[in-house]
Amino acid sequence: MRRVLPILAVSLLPSVAHAEFPERISVWAMEDFGGARTEAVDGDDYVASGWREVSLELGSTISNKAVAPARTLGVAGFHVGFGTTFAHLPGRWEDDENPDGWELMDPDEEASPLLFLPNIQVRKGLPASLEVGANFGWLGGTETAFVGGYGRWGIVEGYRILPDVSVQVGYAGYVGNDEMEVGALDMSASVGYTLPFGPVPGIHTAKFSPFMTLGLTRIHAAPRVDLTGSRLDGRITELSGFEGDAFDEGFAPFTFAGGFEVQSGQFTFDLTSGYAVGCAVNFNIGLGFTY
């Protein structure tokens, strides 16, 4: 296991960095595309639908991911991890003729169907099977980032004949972009089990922890610029998965995730994948240290 970890660490580097990614996501860039004004065509408003698409997929991508086993760390436990989230944007393949939201919001009018988000994860165990955690990440190829935090409670854990069960509530926000705000509230429940194993029969020096997660994410997005009098006025508006005037049913997607963590001594390796219904598919890989 110790020989494999350095090789895995190299794989976490953003190997797709050579691809073309937008330097920033811009609301004002949606005013035109290819030198022409972006007006509604045949009743289809690509600005309004593009804004909704980017807000929804970006919100689901930056939300707190299920990257930890169902069991908590325990009162003395502490974990720090380094990983990368890859998100596939399904909207990038829907229409080959008309621009989508990511192309409209990219000043260079080019966008990739794949986002990568290098990140740092920190978790600390507390009494009563409680745990708090934080995520700090960068939206690869841009000038922006995201910050998230959450709390978890292990309802059932540590029993040999029962699976571990935990619940989580957290929030993540998109930072560094003065033209738009995006946030995501996540609520989820995880079920898993920890299986000890080791290279020597009868001596268990490692742990394998598979788990599955079901949750709900409520996303909120709004422009942070004054669009009054512009061609974008009334087309780019506040959208929210929370009840209110800006409520949009699609901004409260259900999420499904699954994966595993392998721990050998203090070193951990995790591999997970998730899907927010109607949004993006994500794939997460990470290395960490648990004390």
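At a glance:
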quantity: Prolate/oblate/rounded label for region 93-160 (Cα gyration tensor, a/c 1.5); calculated: prolate
quantity: Accessible-area order (highest first, 1.4 angstrom probe) of the listed residues Tyr193, Tyr171, Tyr291; calculated: Tyr291, Tyr171, Tyr193
quantity: Per residue value of the accessible surface for region 177-242 (all protein chains in place, 1.4 Å probe), Å²; calculated: 50 Å²
quantity: Alpha-carbon gyration tensor eigenvalues x 5, square-rooted, for region 148-226, Å; calculated: 39, 15, 8
quantity: Accessible area of Met187 in the full protein assembly, 1.4 Å probe (Å², nearest 10); calculated: 70 Å²
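The values are calculated or read from the model by the stated rules, or taken from the named source; none is laboratory data. This is a predicted model, so every value here is computed, not measured. Heads up: the accessible areas ignore ligands, DNA and RNA and are worked out on the full protein's heavy atoms, side chains in. Shrake-Rupley method; radii C 1.70, N 1.55, O 1.52, S 1.80 Å.
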